[in-house]
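Just below is one structure, and these are the notes that go with it.
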Amino acid sequence: MSFRSMGIDILRPFPQAVAQKKFIVVAVEYFTKWVEAEALAKITEKEMINFIWKNIICRFGVPRVLISDNGNPQVNGQTEVTNRTILQHLKTRLEGAKSSWVEEFPGVLWAYRTTPRSSTGEPPFCLVYGTKAIIPAEIGEETQRVTQYDAEKNQEEREFDLVMIEEKRDAAYARILHHKGLMMRSYNRKIKPRCFQVGDLVLKKVEVSKHVGKLDPGWEGPFKVVRVKKPRTYKLHDMEGKDLPRQWNIHNLKKFYT
């Protein structure tokens with residue numbers, strides 16, 4: 001079933017654009033790879049609630065699972081790795097637009113939704129709606145399905161598409177399982193286990209709320225590891241002994257060398 005599980009993340013920050021927008025909140029449906037996204041001026045609890053209500057619940061219903069990684073990309077295993085690839089793709093496309101990225105944003109989303117994904121073999125649009133979208137280029141070039149449009153025949157074809165949509169989704173699911181296995185084997189070959197000990201000095205990634213720009217280093221510190229809470233999760237103090245809020249996953253930390 002589509003839209004049962006979704007991941008939500010934030011891309012930060014882009015050059016400030018119209019209405020002071022510089023962040024993008026992105027939600028990815030795990031099965032179809034459908035993306036909903038919105039440009040925002042700031043990231044607050046109210047803004048996130050509004051995004052979920054307008055872009056997810058009002059369009060697709062309430063998902064059974066909505067996952068935010070809170071700085072730990074392994075929280076949802078290899079599916080989360082796949083979604084980070086999707087997010088990076090969107091970010092790369094938009095960075096090229098520089099200060100006009102807000103105007104380019106809808107086109108980037110459209111291109112993503114109508115392009116086949118390697119993990120499913122189908123465009124997200126097709127897995128959601130059961131048919132391939134007519135793209136603007138087909139109007140200008142007058143492709144066969146545009147020039148030979150027949151209302152009665154189109155109705156029959158759409159009914160057939162709806163009958164076949166579950167078969168398409170079953171085939172896509174089989175491809176996802178195969179793709180996931182390939183990714184897992186590749187990941188396991190590359191992963192290098194690491195850990196920190198109490199007393200180690202580390203740097204941590206700068207949080208989204210601090211509005212770090214692209215030219216800033218993205219890391220701050222050093223901080224001292226004062227407790228190992230569980231495997232690969234740590235409690236930190238600053239160099240004056242002040243406790244840092246929450247626990248920190250190893251993916252947000254790196255060794256500080258004096």
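Being closer than 29 Å to Pro124 by Cβ, at pLDDT below 75 and not assigned by TED's automatic domain parsing to the domain that holds Ser68 is the requirement here; does Lys210 meet it?
When the stated conditions are applied, Lys210 does not pass them.
List the helices (runs of 4 or more DSSP H) that sit entirely inside the range 107-190 and contain at least 1 residues that are in the same structural domain as Thr32 (by TED's automatic domain parsing), modelled with pLDDT of 85 or more and closer than 25 Å to Val26 by Cβ.
In the range 107-190, the matching helices (runs of 4 or more DSSP H) lie at 124-129.
I'm told Pro193 meets every condition in (1) surrounded by fewer than 16 Cβ atoms within 10 Å (Cβ to Cβ); (2) at pLDDT 75 or above; (3) not basic (Lys, Arg) except one. Can you identify the failing condition by its number?
Against the list (1) surrounded by fewer than 16 Cβ atoms within 10 Å (Cβ to Cβ); (2) at pLDDT 75 or above; (3) not basic (Lys, Arg), Pro193 comes up short only on (2).
The values are calculated or read from the model by the stated rules, or taken from the named source; none is laboratory data. What you are looking at is a predicted structure, and each value in this text was computed from that prediction instead of being measured. Every residue, glycine as well, gets a Cβ built from its backbone with ideal geometry; the counts of neighbours run over all protein chains shown.
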